[in-house]
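As structure tokens, the structure follows; a few thoughts come after it.
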Amino acid sequence: MNAAQQNRVAFASDVLERHGRLRTARMTLPLRSDEDVVALRRHVRERAVAIALSLVEQTKLVTAASELARNTIKYGGGGEAHLDALADSLRQGVCLVFVDDGPGIADIDQALRDGFTTGGGLGLGLGGAKRLVDEFDIESRTGEGTAVSIVKWKR
């Protein structure tokens, strides 16, 4: 693990371990290019199929993952995604944690509002991703980076 990766993991350790006791598997994928986003989408879909999420729930999860991966690249300068399988005695789920060491988000509440954008898009990214999943957490430190965690549970 290089110094940049160690910094990202140290910064985001709370977010990375939030579901640690439920994690049964973890895959870490780089996020540097459009090809990485395509690979992430494929792995997320495979994990969603493995726990028998409905087609609608698979699509919601893959869409949220794609949006957050693109944000990690565009606004965070790249980073990584941690794809976790979750299980407890009652249910199974998929967790993704997106981590970058970019400039951070100064005002998270504003960034979550529909219509807010710093990149000329529609401004539906973070808020839209939040609405597509069952759990959404974000931590950001100006000058250090951002970590976003999403979870979709099998119903």
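Checking each residue in the stretch 15-61 for being modelled with pLDDT under 95 and touching a strand residue (DSSP E or B) at 6+ places or on another chain (Cβ under 7 Å) picks out V15, L16, R18, H19, L22, R23, T24, A25, R26.
Those strands (runs of 3 or more DSSP E) of the stretch 40-155 in which 2 or more residues are under 12 Å from the mean Cα position of the chain (by Cα) and among the small types (G, A, S) occupy 79-87, 145-153. The set of residues in the stretch 56-87 that are small (G, A, S) and surrounded by fewer than 19 Cβ atoms within 10 Å (Cβ to Cβ) comprises S66, G77, G78, A85, A87.
For the stretch 48-55, the criterion of being of a type in the set (V, I, T) and touching a His at 6+ places or on another chain (Cβ under 6 Å) is met by no residue. Suppose we keep only residues that are touching a Ser or Thr at 6+ places or on another chain (Cβ under 6 Å) and at pLDDT 95 or above within the stretch 88-130. Which one would you say is surrounded by the fewest Cβ atoms within 10 Å (Cβ to Cβ)? Applying the filter and picking the extreme gives V97.
Taken together, R113, R45 contain a single residue that is closer than 15 Å to W153 by Cα, without any contact (Cβ under 8 Å) to a residue 40 or more places away in the chain and in contact with a helix residue (DSSP H, G or I) (Cβ under 8 Å, 6 or more places away or on another chain), which is R45.
The values are calculated or read from the model by the stated rules, or taken from the named source; none is laboratory data. Remember, it's a predicted structure, so these values are computed and weren't measured experimentally. Using ideal geometry, Cβ is built from the backbone for each residue, glycine included, and neighbour counts are taken over all protein chains shown.
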